[in-house]
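The values are calculated or read from the model by the stated rules, or taken from the named source; none is laboratory data. Please read these numbers as outputs of a predicted model, since none were measured by experiment. Ideal geometry is used to build each Cβ from the backbone, glycine not excepted, and the neighbour counts take in all protein chains shown. Keep in mind that these areas ignore ligands, DNA and RNA; they rest on the heavy atoms of the full protein, side chains included. Shrake-Rupley method; radii C 1.70, N 1.55, O 1.52, S 1.80 Å.
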Amino acid sequence: MSKTLNDKKLAEIVNLTLSHYEDNALSFREGTKDHDVSQNYDNFLAPFEATRKLDILDFGCGPGRDLAYFKSLGHRAVGLDGSFAFCSMAQEKTGCPVLHQSFLALDLQETRFDGIFANASLFHIPRQEFPRVLRQLHSALRPGGILFSSNPRGSGEDFSGERYGHFMEFGVSSTYLEDAGFKVIDHYYRPPGMPCAAQPWLAIVSQKSS
């Protein structure tokens, strides 16, 4: 979808996608609670000193699986999600503060976080709005802060069922990140141990560089 999205279309994208998650929150929690994302945790945290306690934003925290993991390590974790059901689940599961915010209407304090963990969330942002949202995440990070993202690979954007997504390969993704003031320091494909054609997920570790 390459044409400009007006405010009405953007609202439709947000509302339909969030309605899907609201309606399927319980099944989503059950279906994802045992996913092994330890590779993503390790690569997100690798740039930091092992003993350092971090202020982390779990961007698109869902029911709170990753939020709980970061809290278990002693980090000061904050969740953010556009789904009210997910926010409630995450807060109940972890006791961490959880921000109920649409990805397209963020209200984040500047230089608030050491790291932002965006696991399977940024691809819901329409490409037209992506540069603006990346700049907001950049602003929310402290100098040298880390942004981790993991998204489905591909090209194009549109609804898949009731969820909107846009898909990029590494070259395009890295250009967006660099334009927003990030330096890409690592990337890999998932799941591990598979041929590239069977790895539909692209993970990128980038650092606030300006």
Which one, Ser173, Ser139, His187, projects farthest toward the positive side of the charge dipole computed for the range 121-190 from Cβ point charges (K/R +1, D/E -1)? Ser139
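State the extension gain, in nm to one decimal, for the chain segment bounded by Ala46 and Ser209, taking 0.36 nm per residue of separation less the distance between their alpha-carbons.
Difference between extended and current length: 57.0 nm.
Provide Glu157, Glu162, Glu49 ordered by accessible surface of protein heavy atoms (probe 1.4 Å), highest first.
The most accessible residue leads, giving Glu49, Glu162, Glu157.
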For the chain, size of Cβ-based charge dipole, Lys and Arg +1, Asp and Glu -1, in debye: 320
Could you tell me the calculated FRET efficiency between His100 and Asp36, based on Cβ-Cβ distance and R0 = 30 angstrom, to the nearest 0.05? 0.60
Looking at the range 94-206, what % of the alpha carbon pairs are farther apart than 25 Å? 22
Going toward the positive end of the dipole of the range 1-64, with +1 on Lys and Arg Cβ and -1 on Asp and Glu Cβ, which of Ala11, Thr51, Gln39 do you reach last? Ala11
Prolate/oblate/rounded call for the range 48-109, Cα gyration tensor, a/c under 1.5 rounded: oblate
Seen from all sides and averaged, what is the projected area of the convex hull of the Cα atoms in the range 24-82, in nm²? 4.2
Of all the Cα-Cα pairs you can form in the range 24-173, what percent are over 23 Å apart? 34
Inter-label distance for Lys3 and Asn24, nm, one decimal - labels placed 7 Å from Cα along Cα-to-Cβ: 2.7
Report the label-to-label distance for Met194 and Glu169 in nanometres (one decimal), using points 7 Å from each Cα along the Cα→Cβ vector. 1.8
For a label point 7 Å along the Cα-to-beta-carbon line of Glu110, residues of the range 168-203 with backbone N under 18 Å: 180-182
Dividing the convex hull volume of the alpha carbon atoms of the range 106-165 by its residue count, what do you get in Å³ per residue? 90
Size-normalised alpha-carbon gyration radius of the range 1-48, reference 2.2 N^0.38 Å: 1.75
Computed over the range 170-210, the ratio Rg/Rh where both radii use C-alpha atoms and Rh is Kirkwood: 1.06
Using the Cα centre as the reference, give the magnitude of the dipole from point charges on the C-beta atoms of the range 1-64 (Lys, Arg: +1; Asp, Glu: -1; all else neutral), rounded to the nearest 20 debye. 260
As a check on your grasp of the helix formula, calculate [θ] at 222 nm for the chain: sum -39500 (n - 2.57) over DSSP H runs of n ≥ 4, divide by the residue count, round to the nearest 500. -10500 deg cm²/dmol
Rounded to the nearest 10 Å², what accessible area does Asp81 have for a 1.4 Å probe in the complete protein model? 10
What does the accessible area of Glu169 come to, in Å² to the nearest 10, when a probe of 1.4 Å is used? 80
What accessible area per residue, rounded to a whole number of Å², is obtained for the range 1-78 using a probe radius of 1.4 Å? 56
Dipole magnitude of the range 1-125, debye to nearest 20 (Cβ charges: Lys/Arg +1, Asp/Glu -1, about Cα centre): 80
Summed side-chain charge close to His187 - residues other than His187 whose Cβ falls under 15 Å, Lys, Arg +1, Asp, Glu -1: -1
